[in-house]
Amino acid sequence: MSEKNDILVQVDHLTKYFHVKGMKGPGVQAVEDVSLFIKRGETLGLVGESGCGKTTLGRTILRLHEPTSGQIIYDGQTIYQHQYPFEPKTMQVREKGGASHEASVLVKKAVPKAKAVDMLPYRRKMQIIFQDPSASLDPRMTVGEIIGEALDIHKLCGSRQERTDRIKELLSMVGLNTEHANRYPHEFSGGQQQRVGIARALAVRPEFIVCDEPISALDVSIQSQVVNMLEDMQQELGLTYLFIAHDLSVVRHISNRIGVMYLGTLVELAESYELNRNPIHPYTKTLLSAVPVPDPEVSRSRQRIVLEGDIPSPMNPPSGCRFHTRCPYATEQCKQAVPQLKEHAPGHWAACHLLG
């Protein structure tokens, strides 16, 4: 663990449930008991299957989704803190046939009111680049209006000329021409639209940016340009990234550390090189075995790990370790007890009973 002053973002036991009408209990478990930190100037990559909660975690850290429980600390200041509002209790459950049995159910408990600060001052410091550039840009606004909106909300420009100059500076920074400010989003390609989204995020001079799969909707030839641009801006502006993606090769290239999520939980976290060289969680090993290797000889000699079955529903996740229904090494303990995220080597964390 680095010194406290080096940590920009820290989340402790962060949980996010989405309520479903007519469903008893807390709802859909999107993020469950996630703890991590992001140091200043670094890029933390976040990978996992679709639906594992990566995007929800990023948006919850920014409080675009209000957390269900947990703590979020930004630059030493607590911006959200709340206890988990449900607790497990053993109760008699009656089935349709009339028989009853004891079962552990989640019951709402009395907890203190959540501590949540006004996020407007923090919106200048924390921004997001959305996954789908065409859906995240207002089609009725010009590019200049889209980028300038944040400048107006936070009153960052003293005059109209200063505002215009700042918009032109941002467009130039992301590789677009200044005359593009008068065009509408539909007049641009996907890569250009994503550049507009990046310019919008940079408009308020943030410190921390959640990059929510910023290249997944782009052509392969454009992906490298956007990734290189993000790296250059990080060096020039001292930015800190949470980089969410599916492409493990891209995450390995851009990230200092990588976290692996499965069904709402963080199962492994380590330095980028260490995670790719020595994965210790069975799910991480499976993900890395699926990454194609350009060398045919090496590719033929590799053993692909294929998971059986489908990912469980977040509306009814399995007990114990959430990966045990697909893990080839699962034991009885995995089915009953939730594994804790532990440090098994310096800076290398994993949640697995098999690791001791």
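The values are calculated or read from the model by the stated rules, or taken from the named source; none is laboratory data. As the structure is a computational prediction, the values presented were derived from the model and not from experiment. With ideal geometry, Cβ positions are generated from the backbone for all residues, glycine too; neighbour counts draw on all protein chains shown. What goes into the accessible areas is simple: the full protein's heavy atoms, side chains included, and nothing from ligands, DNA or RNA. Shrake-Rupley method; radii C 1.70, N 1.55, O 1.52, S 1.80 Å.
Quick one: ranking D310, D33 by accessible area, 1.4 Å probe, largest first, what do you get? Don't skip to the end; give the middle numbers.
Details: D310 135, D33 75 Å².
Largest accessible area first, the list is D310, D33.
Pairs of alpha-carbon atoms within less than 8 angstrom and 6+ residues apart define the contacts here; what relative contact order does the chain have, in percent? Don't jump to the answer; show the numbers that get you there.
Values: 648 pairs, mean separation 65.4, N = 356.
Rounded, it is 18 percent for the chain.
Among 258-271, 191-204, how do they line up by average Cβ neighbours within 10 Å per residue, starting with the highest?
Packing proxy ranking, top to bottom: 258-271, 191-204.
For the chain, what is one quarter of the convex hull surface built on the Cα atoms, given in nm²? It would help to have the intermediate numbers written out before the result.
Details: hull surface 86.9 nm².
Directional mean of the projected Cα hull area for the chain stands at 21.7 nm².
Compute the acute angle (0 to 90°) between the alpha-carbon long axis of helix 160-173 and the principal axis of greatest extent of the alpha-carbon atoms of the chain; round to the nearest 10°.
60 degrees
How much length is gained if the chain between Q77 and E145 is pulled fully straight, taking 0.36 nm per residue apart and subtracting their Cα-Cα distance, in nm to one decimal?
Gain in length upon complete extension: 21.3 nm.
Carbon and sulfur atoms: what percent of the 1.4 Å accessible area of the range 203-356 do they account for? Mind dumping the intermediate values first?
On the way: 3830 of 7700 Å².
The nonpolar share, carbon plus sulfur, comes to 50 percent.
Going from most exposed to least, what order do F130, F208 have by accessible area with a 1.4 Å probe? The partial results should precede the final answer.
Values: F130 55, F208 0 Å².
Descending order: F130, F208.
Taking R0 as 41 Å, what's the FRET efficiency between R40 and S189 from their Cβ-Cβ distance, rounded to 0.05? Provide the component values of the computation, followed by the final result.
Details: r = 34 Å, r/R0 = 0.83.
Once rounded, the FRET efficiency stands at 0.75.
Within 13 Å, Cβ to Cβ, of N256, how many net charges do the neighbouring residues add up to if Lys/Arg are +1 and Asp/Glu are -1? Intermediate results must be reported in sequence, preceding the final value.
Values: positive: K39, R40, R252, R257; negative: D6, E42, E231, E271, E274.
Net charge around N256: -1.
With every protein chain left in place, what is the accessible area per residue of the chain in square angstrom, probe 1.4 Å? If you can, show how the numbers build up before the last one.
Numbers: 18340 Å² over 356 residues.
Computed with neighbouring chains in place, this is 52 Å² per residue.
Spin-label point model (7 Å from Cα, Cβ direction): what's the V204 to Q225 distance in nm?
Reported label-point gap for V204 and Q225 is 2.8 nm.
Using per-residue counts of other Cβ atoms within 10 Å, averaged over each peptide, order 325-338, 214-227, 49-62 from highest down.
Descending packing order for the listed peptides: 49-62, 214-227, 325-338.
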